[in-house]
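Written below as structure tokens is the structure these notes are about.
What follows is calculated from the coordinates using simple rules that are stated; it is not laboratory data. These numbers come from a predicted model, not from an experiment. Cβ placement follows ideal geometry from the backbone for every residue including glycine, while neighbour counts extend to all protein chains displayed.
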Amino acid sequence: MKIKQLSIFLENRKGRMKKALDVLEKGGVSIRALSIADTSDFGILRLIVPEPENTKKLLEDNNFIVKIGEVIAVRMEDEPGSLGKILGILDEDDINLSYLYAFVEEKENRAIVLLHPEQIDEGIEALLAGGAEVISADDIYSL
Amino acid sequence: MIWNEEAECMQQDEREQLQLRRLQKVVKLAYENVPHYKNRLDKVGIHPEDIQSMKDLQKLPFTTKEDLREAYPFGMFAVPRRDIVEVHTSSGTTGKPVVSGYTKGDLDLWAEVMARGLTMFGADEDDIIQNTHGYGLFTGGFGVHYGAQNVGCTVIPISTGQTKRQIEIMEDFGSNVVIFTPSYGLYLAEVAVEEGLDTKSLNLKAIGFGAEMWTEEMRQEIQRRFHAPAYNIYGLTEIMGPGVALECPEQDGLHVMEDHFYPEIIDPETQENLPEGERGEMVLTTLTREGMPIIRFRTKDLTTLRRVECSCGRTLIKMDRITGRTDDMLKVRGVAVFPSQVEKALLKIDGIEPHYQIIVTRPQHLDQMEVKVEASPELFSDEVKELIGTKKKIENYIHNEIGLRVDVTLVEPKTLPRSEGKAVRVIDKRKFDDS
């Protein structure tokens, strides 16, 4: 149920993001989802890719610092209020969210949100109990 | 006004005789009372009686900061400890500090040379002098204090900090001579403006500044902001403190108090003496100090000596203001910083690669120090708050080591220059050379 996510350290400097993406392009890596956290000094690029271990190695060979972490993917209707419902489930169970990012699934008029709660296992349990559609890694990669 | 016309305007040949007599005496004093000097002179086979001309000084071995540090705390004293009435120390940021000991006579000497300087600045017994140099083990505060009292000024020993209070006192007490470091002076000026004080109304007569490197532009800026001439003070704890050389109204170099502190310029590489007018490392010998005579101290400060006729009437040799160092010491906001200290701090933190770069800038005339550190997988976290915590932690470690707040930036691995040969560890963007 957990989705592997790559976090990449980026200096907040012109061209650094492009450099990372160039490495992925050369390696033929297709990005399923992406988000970036930025501060005035540095950024963290977060990626969902089909082959996280291989992609990590590829990036590390190009001098990037990469960590593999885990997130939860939840599928929902692409309509107002869907995300609020999901967050409501976590809220009720007192589960803190560190960050999230979402994207729209064009074909099916649905959206997917990637969640990173502080306690990931409790998060999955709560979401399942709350009736959310938690999807697997394979589902994401095949999008 | 000249404080001691006889000494300051003496004919050079006459002064040289005086210097030689004093040198012979001080070498004898050092040889007979300080084991360090006896060992060194015996090693090169020179006896105090061999000093027959000022040129013979060049035969004597140098004294380095390390020598003085090895003698910590009182090993360089040439008199019984009971005759030492005051001690000061260098900042000691790179290990044990250097202890400087003063007899009553030494304090009189200190008061004499600083009085000469303050008189050059135009200060006299009718003036009120606000001394923002720190009082304590640092020599800056007391040196100025003794000189000012010798002149007969009213001294406000306010020390550094409490900037708003400084402004208030300047205004209320009518201080008309102020002593500060250039960067603190510019900060004072800024605060004065914020507090709604018109610096013109202070009617300042003169400003004395030292303890850090500065540019002619910075002097102009200080003069413009305070509507008063600013004069340079040079000195170092090992030799005495402020008062080794001071600037006269011509504002073109500092007169070295050469009847008490004998200057030489050497090539720091070959250690050969350089002729007048050539830039090199300054070497100083105390000619009259009793408590702790220092022979041929390598200051690591780069400057030039010029024997020129000065419009002020003084015949004392002039040195240019310091524009560089032979080592990698930096002065940031008046504090001595060595890159090795930053390295030491970094090595205390797990997961840090010992690759770093120090960048010193001076935006708005205040020194800023940035340390770039390479991030590593151990340091990296997916959480922004943890990364910021890591950055703060590194900043605190460096602060503990050097006593200054710095700004740490995490950079990507392998982006900083590696120490192949001479790594570019320090980028000093402040410009001290006017050329």
Q) What is the fewest-to-most order of B:LEU316, B:LEU246, B:LEU18 by other Cβ atoms lying within 10 Å of their Cβ? A) B:LEU18, B:LEU316, B:LEU246
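Using unit Cβ charges (K, R positive; D, E negative) and no other charged atoms, how large, in debye to the nearest 20, is the dipole of the stretch A:16-126 about its Cα centre?
Result for the stretch A:16-126 is approximately 760 debye, rounded to the nearest 20.
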Q | Cα-based convex hull, chain A, per residue volume (Å³, whole number) | A | 119 Å³
Q: Find which of B:VAL244, B:PHE142, B:ALA206 sits farthest along the positive direction of the dipole of the stretch B:120-258, computed with +1 on the beta-carbon of Lys and Arg, -1 on that of Asp and Glu, about the Cα centre.
A: B:PHE142
Q: Beyond 21 Å between alpha-carbons counts as too far, so tell me which of B:LYS25/B:LYS318; B:LYS65/B:LYS96; A:LYS19/A:LYS107; A:LYS26/A:LYS57; B:LYS205/B:LYS331 fall in that bin.
A: B:LYS25/B:LYS318; A:LYS19/A:LYS107; B:LYS205/B:LYS331
Q | Among B:162-168, B:249-255, the order from most to least packed when residues are scored by Cβ within 10 Å on average | A | B:249-255, B:162-168
(Q) Using a 10 Å cut-off around each Cβ of peptide B:374-384, what is the average number of partner chain Cβ atoms that fall inside? (A) 6
Q: Largest first and to the nearest Å, give the Cα extent of the protein assembly as shown along each principal axis.
A: 102, 60, 46
Q) How long are the semi-axes of the ellipsoid equivalent to chain B, from square roots of 5 times the Cα gyration tensor eigenvalues, in whole Å, largest first? A) 37, 30, 19
Q: Give me a single rounded figure for A:38-50: the average over its residues of other chain Cβ atoms within 10 Å of their Cβ.
A: 3
Q | Nearest-20 debye value, chain B charge dipole, Cβ charges on Lys, Arg, Asp, Glu | A | 860 debye
Q.
Charges at C-beta only: +1 for Lys and Arg, -1 for Asp and Glu. How large is the resulting dipole of the protein assembly as shown about its Cα centre, in Debye rounded to 20?
A. 1340 debye
Q) Say we join alpha carbon atoms closer than 10 Å with springs in a Gaussian network model of chain B; which of B:TYR187, B:TYR37, B:TYR102 then has the biggest fluctuation? A) B:TYR187
(Q) Given 4 °C and 1.567 mPa s, compute D for the stretch A:2-69 with the Stokes-Einstein relation, Rh being the Kirkwood radius over Cα pairs; round to the nearest whole µm²/s. (A) 109 µm²/s
Q. For the charge dipole of the stretch A:70-141, defined by +1 on Lys and Arg C-beta atoms and -1 on Asp and Glu C-beta atoms about the Cα centroid, which residue among A:LEU90, A:TYR101, A:SER136 has the Cα displaced farthest towards the positive pole?
A. A:TYR101
Q: Would you tell me the mean number of C-beta atoms belonging to other protein chains that fall within 10 Å of each C-beta in A:59-65, as a whole number?
A: 3
**Q.** Relative exposure of B:THR139, B:THR315, judged by other C-beta atoms within 10 Å (fewest first)
**A.** B:THR315, B:THR139
Q: Determine, at each q value in 0.19, 0.20, 0.21, 0.28 (inverse angstroms), the log₁₀ of I(q)/I(0) that the Debye formula gives when each Cα of the stretch A:70-141 is one equal point scatterer.
A: -0.70, -0.78, -0.86, -1.48
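Return the percentage of antiparallel bridges among DSSP beta bridges fully within the protein assembly as shown, rounded to the nearest 5 %.
Antiparallel: roughly 75 percent of the beta bridges in the protein assembly as shown.
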Q | Cα centroid separation - the stretch B:184-223 against the stretch B:272-308, whole Å | A | 30 Å
Q. Extent of the stretch B:91-232 along each principal axis, from alpha carbon coordinates, in Å, largest to smallest?
A. 44, 37, 28
Q) Per 5 Å bin from zero, what fraction in whole % of the C-alpha pairs of the stretch B:280-323 is there, up to the bin with the longest pair? A) 5, 20, 19, 22, 19, 12, 3, 0
Q) Got a sec to turn the phi values of the stretch B:179-186 into Karplus ³J(HN,Hα) couplings, 6.51 cos²θ - 1.76 cosθ + 1.60 with θ = phi - 60°, whole Hz, x for Gly and Pro? A) 10, 8, 7, x, 6, 5, x, 5
Q) What residue among A:SER30, A:SER40, A:SER98 shows peak mean-square fluctuation when chain A is described by a Gaussian network model with Cα springs under 10 Å? A) A:SER40
Q: Express the C-alpha Rg of the stretch B:302-432 as a ratio against the empirical globular expectation 2.2 N^0.38 Å, rounded to two decimals.
A: 1.36
Q. Along the charge dipole of the protein assembly as shown, Cβ charges K/R +1 and D/E -1, which of B:PHE77, B:GLN58, B:LEU287 sits furthest on the positive end?
A. B:GLN58
Q.
I'd like to know how the stretch B:122-187 sits against the 2.2 N^0.38 Å rule of thumb: what's its Cα Rg over that expected value?
A. 1.03
